[in-house]
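Everything on this sheet refers to the single structure shown next.
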Amino acid sequence: MVELDDRYVITSNRESGFGRYDVMLKPRKKEDDAIILEFKVYDPDDEDSLGDTVKAALKQIEDKNYKSDLVAEEISEERIREYGFGFTGKRVLIG
């Protein structure tokens, strides 16, 4: 992410909406998209698969309205990308 510093303002664990996102990349240039990243570790007590973990991460982004700060800065919702990461051991699934 350090390589992206000239294109994005990168923040982590800041309040937005109704919670704290993991990572947000706010574009410095109008033509770049904003990016919200949420990371979750697979919990077999709560989820049936790594895919469920990714769905939970994406649901958290939506439920907690993490994009609200970006929208308030007049970044259109069409330019906001949301990614959920599910981890278990060395396996990762991104959705």
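The values are calculated or read from the model by the stated rules, or taken from the named source; none is laboratory data. All of these numbers come straight from a predicted model, not from anything done at the bench. With ideal geometry, Cβ positions are generated from the backbone for all residues, glycine too; neighbour counts draw on all protein chains shown.
Applying the selection to the stretch 72-93, what residues are in contact (Cβ under 8 Å) with a residue 40 or more places away in the chain and over 16 Å from M24 (Cα atoms)? Don't jump to the end; show me each part of the working.
Initially, the stretch 72-93 is screened for residues in contact (Cβ under 8 Å) with a residue 40 or more places away in the chain, giving 73, 75, 79-88, 91, 93.
Of everything in the stretch 72-93, those that are in contact (Cβ under 8 Å) with a residue 40 or more places away in the chain and over 16 Å from M24 (Cα atoms) turn out to be G86, F87, T88, R91, L93.
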Tell me yes or no: at least one residue of the stretch 5-24 is surrounded by 13 or more Cβ atoms within 10 Å (Cβ to Cβ), at pLDDT 95 or above and of a type in the set (D, E). no
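Is at least one residue of the stretch 49-67 within 18 Å of L4 (Cα to Cα) and β-branched (V, I, T)? Outline the logic, then answer.
Initially, the stretch 49-67 is screened for residues within 18 Å of L4 (Cα to Cα), giving none.
Checked the stretch 49-67: no residue is within 18 Å of L4 (Cα to Cα) and β-branched (V, I, T).
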Applying the selection to the stretch 62-86, what residues are of a type in the set (S, T, Y) and part of a helix (DSSP H, G or I)? S68
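Could you check the stretch 21-31 and list, in sequence order, the residues that are touching a residue at least 40 places away in the same chain (Cβ under 8 Å) and of a type in the set (D, E, K, R)?
Result: K26, single match.
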Against the conditions (1) surrounded by 17 or more Cβ atoms within 10 Å (Cβ to Cβ); (2) out of contact with any Gly (no Cβ under 8 Å at 6 or more places or on another chain); (3) of a type in the set (G, A, S), where does A57 fall short? Just the number, please. (2)
I want to confirm something. Restricting to the stretch 60-95 and keeping residues that are more than 18 Å from V41 (Cα to Cα) and basic (K, R), which single residue is surrounded by the most Cβ atoms within 10 Å (Cβ to Cβ)? K67
